[in-house]
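Enquirer: First, the structure itself, so that you have it in front of you.
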Amino acid sequence: MDYDVIIIGGGVGGLTLGLTLSREGIRTLVVEKDPKGGLVYKGELLQPKSLQILDKLNVLDPLLPNSYQLDRIHTFEVELKEGDRPQTLCHSRLNYNLLPTKYNHARMAPHEKIRALLMESAERYPHFEMWKPAVFERMEDRGNVKAAYIKKGKEVFEITARVVIGAEGRLSKVRKAMEVSLHSMQYNHHFLTVTFPRPPSLTEATIFAARNHFVGLFPLPDQQVRSVYMIEPGRYKEMRKAGLEPVFQAYYDFMPEMKGYVDQIQKWKEIQLMIPIRHNTSHYVDNGSAILGDAAHSVHPMAGEGMNMAIQDADILGELLIWMKERDQWGKEQLDWYERVRKPRSEFISGLSHQSALVYSFSSRPWQKVRMRALRYLEQDPRLHFKHLLNISGMGMWKMNLLDWPRHMGFPPGQTKRYRMGEEEMERRFFTEKDDYPWRTK
């Protein structure tokens with residue numbers, strides 16, 4: 001046997017798993033096909049649970065000077081005024097600092113910087129190895145080990161390991177080899193995403209929504225901002241033909257201070273088209289193999305959860321594989337623990353992201369009024385506010401109940417003043433070590 005674990009895919013999820021394992025002396029090979037990391041936009045928003053995991057891996061401290069702290073996310077519902085500032089109809093805030101934890105904020109960091117820090121940390125350990133560029137072709141069962149065929153240069157190598165992990169994204173070959181079925185859906189909108197210099201007044205994450213348009217602005221370090229602009233399917237080609245001016249004007253309409261900043265974009269190649277896709281899979285685990293991140297689940301980017309879900313997958317799977325190695329027990333019965341913990345959580349977050357997408361999928365004025373009312377009471381109702389924070393942060397999971405839906409509309413009246421949550425009650429909702437790693441107590 002050549003390795004204990006082979007990880008196909010050297011993105012943030014694969015490298016988080018590789019670092020977790022190699023720190024504990026587990027022989028790990030990471031296989032990455034792209035020599036430069038790819039040009040497609042990947043996640044940059046790190047939620048509190050991901051910060052906690054990176055801190056455990058000693059990656060958070062070097063990341064801090066290369067990231068931007070987000071304490072709040074502001075949402076403005078506006079009426080656009082031609083040639084004038086938009087009229088604010090509703091302003092709501094999501095306050096991370098309500099979470100009773102040291103990780104009571106999110107952080108924005110360039111994706112490739114997160115990846116580089118994980119790689120740098122993993123390479124310190126002698127049990128970590130990476131092949132890049134190299135391509136996974138297929139795998140076979142060999143009794144109690146897996147044989148993976150990896151093409152490196154012109155030569156194909158047969159490499160054996162106890163477990164093969166697919167972390168190579170939506171088009172995962174490992175998932176296909178595991179014969180995992182896939183259910184996917186697309187949405188009635190696309191996004192344009194681009195990074196450009198930000199004005200000094202933009203210091204917090206800000207979302208502007210009108211009836212027919214949506215712009216998200218998320219500050220990055222070095223006075224940059226990552227933006228997402230929602231467009232109708234099919235409009236991308238039309239916009240490209242019209243040049244960059246319509247794009248600039250779209251940002252001016254929402255925030256006139258963008259003049260002199262967004263127009264520093266030089267060419268359309270800097271702007272990427274994002275087509276939101278949601279998919280869930282039938283299972284994450286087979287005999288001697290498993291999938292994580294986008295290979296297992298892909299979510300709408302509205303809630304910024306994709307990369308965070310991959311990091312959280314890697315944490316649970318990594319700790320489980322360490323436990324399996326200590327006991328020299330590598331069966332599917334042990335590997336199933338990963339799916340038991342992560343699949344319900346991932347499907348829950350997938351549902352939340354889907355709901356967030358639907359909130360902005362309809363453009364009628366009555367729907368906008370419903371949306372504004374829901375946002376207002378989400379901020380004002382302590383229970384709703386904490387529930388939403390808890391769920392998107394990854395620190396816990398508290399499902400909506402039948403009473404929460406009328407609360408979003410302000411019923412019964414006065415509810416926001418009657419109910420308060422103390423820190424102890426909030427902390428009881430956090431995932432415990434037993435929740436994250438239940439096999440340790442079995």
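Values quoted throughout were computed directly from the atomic coordinates according to the rules given, and no laboratory measurement underlies them. Predicted model, so just to flag it, every value in this text is computed and none were measured. Every residue, glycine as well, gets a Cβ built from its backbone with ideal geometry; the counts of neighbours run over all protein chains shown.
Enquirer: Tabulate in residue order the Karplus-calculated ³J(HN,Hα) for the stretch 300-315, using 6.51 cos²θ - 1.76 cosθ + 1.60 with θ = phi - 60°, rounded to whole Hz; enter x for Gly and Pro.
Expert: So the Karplus estimates, Gly and Pro as x, are 4, x, 4, 8, x, 10, x, 5, 5, 5, 5, 4, 5, 4, 4, 5 Hz.
Enquirer: Within the set Lys36/Lys241; Lys42/Lys173; Lys237/Lys369; Lys325/Lys442, which residue pairs have Cα atoms separated by over 23 Å?
Expert: Lys36/Lys241; Lys237/Lys369
Enquirer: 222 nm [θ] for the chain, helices only, -39500 (n - 2.57) per DSSP H run of 4+, per residue, to 500?
Expert: Dividing the helical sum by the residues of the chain leaves -10500 deg cm²/dmol.
Enquirer: Looking at the chain as a GNM with Cα springs under 10 Å, which of Gly143, Gly306, Gly216 has the largest mean-square fluctuation?
Expert: Of the options given, Gly143 has the highest mean-square fluctuation.
Enquirer: Relative to the first principal axis of the alpha-carbon coordinates of the chain, what is the inclination of helix 365-380, with its axis defined by its Cα atoms, in degrees from 0 to 90 and to the nearest 10?
Expert: The angle comes out at about 70 degrees.
Enquirer: Also, I was wondering about something else. Which residue, Met255, His283, Gly243, has the largest displacement toward the positive end of the dipole of the stretch 243-290 when charges sit on each Cβ (Lys, Arg +1; Asp, Glu -1)?
Expert: It is His283, whose Cα lies furthest towards the positive end.
Enquirer: Put +1 on the Cβ of each Lys and Arg and -1 on the Cβ of each Asp and Glu in the stretch 364-433; which of Pro366, Pro412, Phe431 then has its Cα farthest toward the positive end of the dipole?
Expert: Pro366
Enquirer: Please report, in debye to the nearest 20, how large the charge dipole of the chain is about its Cα centre when each Lys and Arg carries +1 at its beta carbon and each Asp and Glu carries -1 there.
Expert: With only Lys, Arg, Asp and Glu charged at Cβ, the dipole is about 900 debye.
Enquirer: According to the square roots a ≥ b ≥ c of the eigenvalues of the Cα gyration tensor, what is the shape class of the stretch 215-279, taking rounded for a/c under 1.5, prolate for a/b larger than b/c otherwise, and oblate for the remainder?
Expert: Oblate is the answer for the stretch 215-279, as a/c is 1.5 or above yet b/c matches or exceeds a/b.
Enquirer: Further question: How high is the relative contact order of the chain, given as a whole-number percent (alpha carbon pairs under 8 Å, six or more residues apart)? Let's see the in-between values first.
Expert: Details: 840 pairs, mean separation 85.0, N = 442.
For the chain, the relative contact order is 19 percent.
Enquirer: Next question, about the same structure. How do 145-158, 48-61, 271-284 rank on mean C-beta neighbours within 10 Å, highest first?
Expert: Descending packing order for the listed peptides: 48-61, 271-284, 145-158.
Enquirer: What are the ³J(HN,Hα) values, in whole Hz, obtained from phi via the Karplus relation 6.51 cos²θ - 1.76 cosθ + 1.60 with θ = phi - 60°, for each residue of the stretch 88-95 in sequence order, with x given for Gly and Pro?
Expert: Along the stretch 88-95, the couplings run 7, 9, 7, 10, 10, 10, 10, 9 Hz.
Enquirer: Classify the stretch 143-247 as rounded, prolate or oblate from the Cα gyration tensor: take a ≥ b ≥ c as the square roots of its eigenvalues, call it rounded if a/c is under 1.5, otherwise prolate when a/b beats b/c and oblate if not.
Expert: Since a/c reaches 1.5 and a/b is larger than b/c, the shape of the stretch 143-247 is classed as prolate.
Enquirer: Given H placed 1.01 Å from N in the peptide plane, which residues other than close sequence neighbours of Gly43 have an amide H under 5 Å from its amide H?
Expert: The list, which skips near neighbours in sequence, is Met307.
Enquirer: Order 314-327, 70-83, 14-27 from most to least packed using the mean count of other Cβ atoms within 10 Å. Could the numbers behind the result be given before it?
Expert: Values: 314-327: 21.3, 70-83: 15.4, 14-27: 25.0.
The peptides rank, most packed first, as 14-27, 314-327, 70-83.
Enquirer: I'd like the distance separating the alpha-carbon centroids of the stretch 38-98 and the stretch 266-338, in whole Å.
Expert: What the calculation gives is 22 Å, centre to centre.
Enquirer: Classify the stretch 322-442 as rounded, prolate or oblate, taking a ≥ b ≥ c as the square roots of the eigenvalues of its Cα gyration tensor: rounded when a/c is under 1.5, otherwise prolate if a/b is larger than b/c and oblate if not. Show your work: numbers first, answer last.
Expert: On the way: a/c = 4.14, a/b = 1.94, b/c = 2.13.
Oblate shape, in that a/c is at least 1.5 and b/c is the bigger or equal ratio.
Enquirer: Would you grab the residues whose amide H sits under 5 Å from the one on Ile7? Only those 5+ places off in sequence or on another chain, please, with H modelled 1.01 Å from N.
Expert: Correct list: Leu29, Val30, Val31, Ile165.
Enquirer: How do 407-413, 256-262 rank on mean C-beta neighbours within 10 Å, highest first?
Expert: Final packing ranking: 256-262, 407-413.
Enquirer: Using amide H atoms built in the peptide plane, which far-off residues or other-chain residues are under 5 Å from Arg226 H to H?
Expert: Amide H to amide H, under 5 Å and 5 or more residues apart or across chains, Arg226 pairs with Phe218, Leu220.
Enquirer: Pairing the Cα long axis of helix 245-254 with the longest principal axis of the chain, what angle in degrees results, from 0 to 90 and rounded to the nearest 10?
Expert: Its long axis makes an angle of about 70 degrees.
Enquirer: Quick one: check the C-alpha center-to-center distance for the stretch 233-254 versus the stretch 342-365, whole angstrom.
Expert: Result: 26 Å between the Cα centres.
Enquirer: With θ set to phi - 60°, apply the Karplus curve 6.51 cos²θ - 1.76 cosθ + 1.60 along the stretch 340-353 and write out the HN-Hα couplings as whole Hz, x wherever there is a Gly or Pro.
Expert: 4, 7, 8, 4, x, 5, 5, 5, 5, 5, 4, x, 4, 4
Enquirer: Specify the angular offset, from 0 to 90 degrees and rounded to the nearest 10, of the alpha carbon long axis of helix 12-22 from the longest principal axis of the alpha carbons in the chain.
Expert: Roughly 40 degrees between the two axes.
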